[in-house]
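**Q** The structure follows.
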Amino acid sequence: MQHGKYRFIVGFLALPLGLYALFVIWPFIQSIYYSFTDWTGLSPEFKMVGFDNYSRMLDDDIFWKSLQHSLLFALLLPVVTIGLALFFAFMINVGGRKRKNGPVITGVRGSSFYKIVYFFPQVLSIAIVALLFAFAYNPDSGALNSLLRGIGLDHVQPLWLGDPDLALWAVMAVLVWSTVGFFVVLFSAGMASIPAEMYEAALLDGANRVTTFFRVTLPLLWDTVQSGWVYMGILALGAESFAVVQIMTTGPGGPDYSTTVMVLYVYQKAFRDGQAAYATTIGVALLVVTLAFAAVVMRLGRRERLEY
């Protein structure tokens, strides 16, 4: 059984590891290398400039704004999204009242329908979601201000995406709406695997729904929550935030850079301004932020694994 075991393992791992190194690791190495050059991205010619790009980045006020906004996304979006998803999933799977001749543990009525409703935004492309909300946020003909006028709040007509104080929060609301359904389904699948006997024992001991959630559901679901937290943080720092800000906001990234995030700033410097080397420098900073976020979440979320 042991003969040729390592050759067998290497044979299976060689191709996927080679592809991963080629399409993931190598681009990272290239980006770090180009960050020490003056490459424009439009010419094959460039020269080494040392740490000039990093010095420029540290003196760039727009970079610090984009970093602040990205960190806000990474800190707040997972909290709100994961929190809502856990609440909805718990109500769908465990939060219902006992029905006559039915199981002790059940979800609210129509839970299957709610799962479909919550997951529906995942069927739509993020670009379509961003366009729909851009129309909804229109201060003149958008659905939100029209609703406010319809209920007699004519004097309350926010500019939404045109207000520097509201624009970032409006964008964050779209990201929550578009992603919470995925985590509802993810956590619902995890809760469905928890034996009903554990919930029944907790109820027999006098535990209410809140106690049951924090003492039974959350500890047994913690590994899934932790993975979802990291995944949501990566979405908030990466492609999802870029697509929403790029499509919805003025500039994009405005007004007055109030919605500029790091990934958008990388795109603008590389493809709008022809400063690919400086863009890769910001990309390296984004890589460090993403890795630090994942490491902190995994470290703070470490706890004893529970078996059931």
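**Q** Which value, in debye to the nearest 20, describes the size of the charge dipole of the chain about its Cα centre when Lys and Arg Cβ atoms bear +1, Asp and Glu Cβ atoms bear -1, and nothing else is charged?
**A** 1340 debye
**Q** Now for a separate question. Tell me which residues come under 5 Å, amide H to amide H, from THR37 once H is placed; ignore anything under 5 positions away on its chain.
**A** For THR37, whose amide H was placed from the backbone, the distant partners under 5 Å are VAL49.
**Q** Give the cross-link partners of LYS65 among the aspartates and glutamates, using a straight C-alpha distance below 17 Å as the criterion and excluding same-chain residues fewer than 8 apart.
**A** In chain and number order, the partners are ASP163, ASP165, ASP256.
**Q** Give me the mean projected area, in nm² to one decimal, of the convex hull enclosing the Cα positions of the stretch 226-273.
**A** Dividing the Cα hull surface by four gives the mean projection, 3.5 nm².
**Q** Ignoring ligands, DNA and RNA, what percent of the 1.4 Å accessible area of the stretch 51-301 is carbon and sulfur?
**A** Here carbon and sulfur together make up 67 percent of the probe-accessible area.
**Q** What relative contact order, as a whole-number percentage, does the stretch 51-301 give when Cα pairs under 8 Å and 6 or more residues apart are counted?
**A** It comes to 28 percent, rounded to a whole number.
**Q** Enumerate the residues in the stretch 219-255 having an amide nitrogen under 20 Å from the point lying 7 Å beyond the Cα of LEU124 toward its Cβ.
**A** Hits in the stretch 219-255 for LEU124 at 20 Å: 235-236, 239-250.
**Q** Can you list which of the DSSP-assigned H helices in the chain have a Cα extent of 20 Å or more along the long axis and an average Kyte-Doolittle score of at least 1.0?
**A** Long hydrophobic helices here: 5-20, 61-93, 167-192, 276-300.
**Q** Checking the cross-link filter: which aspartates and glutamates have an alpha carbon closer than 14 Å to that of LYS47, excluding same-chain neighbours under 8 positions apart?
**A** Straight-distance partners of LYS47: ASP38.
**Q** Could I ask something else about it? If you roll a 1.4 Å probe over the heavy atoms of the protein chains, what accessible area per residue do you get for the chain, in Å²?
**A** 58 Å²
**Q** Give the peptides 15-23, 236-244, 121-129 in descending order of average Cβ contacts within 10 Å, highest first.
**A** 236-244, 121-129, 15-23
**Q** Rounded to the nearest 500, what is the chain's calculated 222 nm mean residue ellipticity when only DSSP H runs of at least 4 contribute -39500 (n - 2.57) each, over all residues?
**A** One gets -20000 deg cm²/dmol as the mean residue ellipticity at 222 nm.
**Q** Sticking with this one: If you take Rg/Rh (Cα atoms, Kirkwood Rh) from the coordinates, which of [x] 1.09; [y] 1.06; [z] 0.98 do you get?
**A** The calculated read-out lines up with [y].
The values are calculated or read from the model by the stated rules, or taken from the named source; none is laboratory data. No experiment lies behind these values; they were computed from the predicted model shown. As a convention, Cβ positions derive from the backbone with ideal geometry for all residues, glycine included, and neighbour counts pool all protein chains shown. For accessibility, only protein heavy atoms count, side chains too; no ligands or nucleic acids. Shrake-Rupley method; radii C 1.70, N 1.55, O 1.52, S 1.80 Å.
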